[in-house]
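The structure appears right after this line, and notes come after that.
The values are calculated or read from the model by the stated rules, or taken from the named source; none is laboratory data. As the structure is a prediction and not an experimental result, all values here were calculated from the model. Virtual Cβ from ideal backbone geometry, glycine too; neighbours counted across all protein chains shown. The accessibility values were calculated without ligands, DNA or RNA, using every heavy atom of the protein model including side chains. Shrake-Rupley method; radii C 1.70, N 1.55, O 1.52, S 1.80 Å.
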Amino acid sequence: VLVDAGPMAKEVGFRYHTAITAAAWSDCVAWTDADSERQVHQDQSGRLFDVLYMAHHAIRSSRSNGDRLTFELYRVPRDGRSTEAKITTLKLIVGPGDEGEPVVTVLLPDED
């Protein structure tokens, strides 16, 4: 299941449609008011921006000509107790969409 990154992907600099897997979204983007009360104040749009910005930066700074790469970012784990950001690794793949158009997908490292 994919979650559309929406207009923020274009704001960050993506030219192609960009999506995030549900698992990567849950781990690195999802955040509620209840999470802010239990842990530390953040918002979902800021977390989405961080993921997209770091993904776009990884593409710009990559010397690879392949269709995938990994990148790292700091995010507060959504575990009900963490208040400090921890580094996590995500994967990015560029592949064909339903109509053959290029699509960028952000995934957890163990997803395909």
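Placing unit charges on each Cβ (+1 for Lys and Arg, -1 for Asp and Glu) gives the range 14-82 a dipole about its Cα centre, and among ALA55, THR21, LEU69 the Cα reaching farthest toward its positive end belongs to LEU69. Using the Cα coordinates of the range 46-112, the gyration tensor eigenvalues translate into equivalent-ellipsoid semi-axes of 25, 13, 11 Å, sorted from longest to shortest.
For the chain, what does the relative contact order come out to in percent, with C-alpha contacts under 8 Å and a separation of six or more? Please report the intermediate quantities before stating the final value.
Details: 176 pairs, mean separation 30.7, N = 112.
Rounded, it is 27 percent for the chain.
Close amide H partners of GLY6, meaning residues 5 or more places away or on another chain with modelled amide H under 5 Å apart, are THR18. Count Lys and Arg as plus one, Asp and Glu as minus one, and take only other residues whose Cβ is under 13 Å from that of ASP67; the net charge is then +1. Note on GLU111 and GLU37: with the Förster distance fixed at 25 Å, the Cβ-Cβ geometry gives a FRET efficiency of about 0.25. For the range 1-84, the Cβ-based charge dipole about the Cα centre amounts to some 380 debye (Lys, Arg positive; Asp, Glu negative; other atoms uncharged).
Applying 0.36 nm per residue to the separation of SER45 and ASP98 and subtracting their alpha-carbon distance, the gain on full extension is 16.4 nm.
Our helix-only sum for the chain, with -39,500 (n - 2.57) per DSSP H run of n ≥ 4 divided by its residues, gives a mean residue ellipticity at 222 nm of -9500 deg cm²/dmol. The candidates ILE59, ILE87, arranged from most to least accessible area with a 1.4 Å probe in the full protein assembly, appear as ILE87, ILE59. For the chain, the longest principal axis of the C-alpha atoms and the axis of helix 44-61 are separated by about 40°. When the chain is treated as a GNM with alpha-carbon contacts under 10 Å, the residue of HIS17, HIS41, HIS56 showing the greatest mean-square fluctuation is HIS41. Note on ARG68 and SER82: the extension gain reaches 2.0 nm, defined as 0.36 nm multiplied by sequence separation minus the Cα-Cα distance.
Accessible surface computed residue by residue for the range 23-112, with neighbouring protein chains in place and a 1.4 Å probe, gives 60 Å² per residue.
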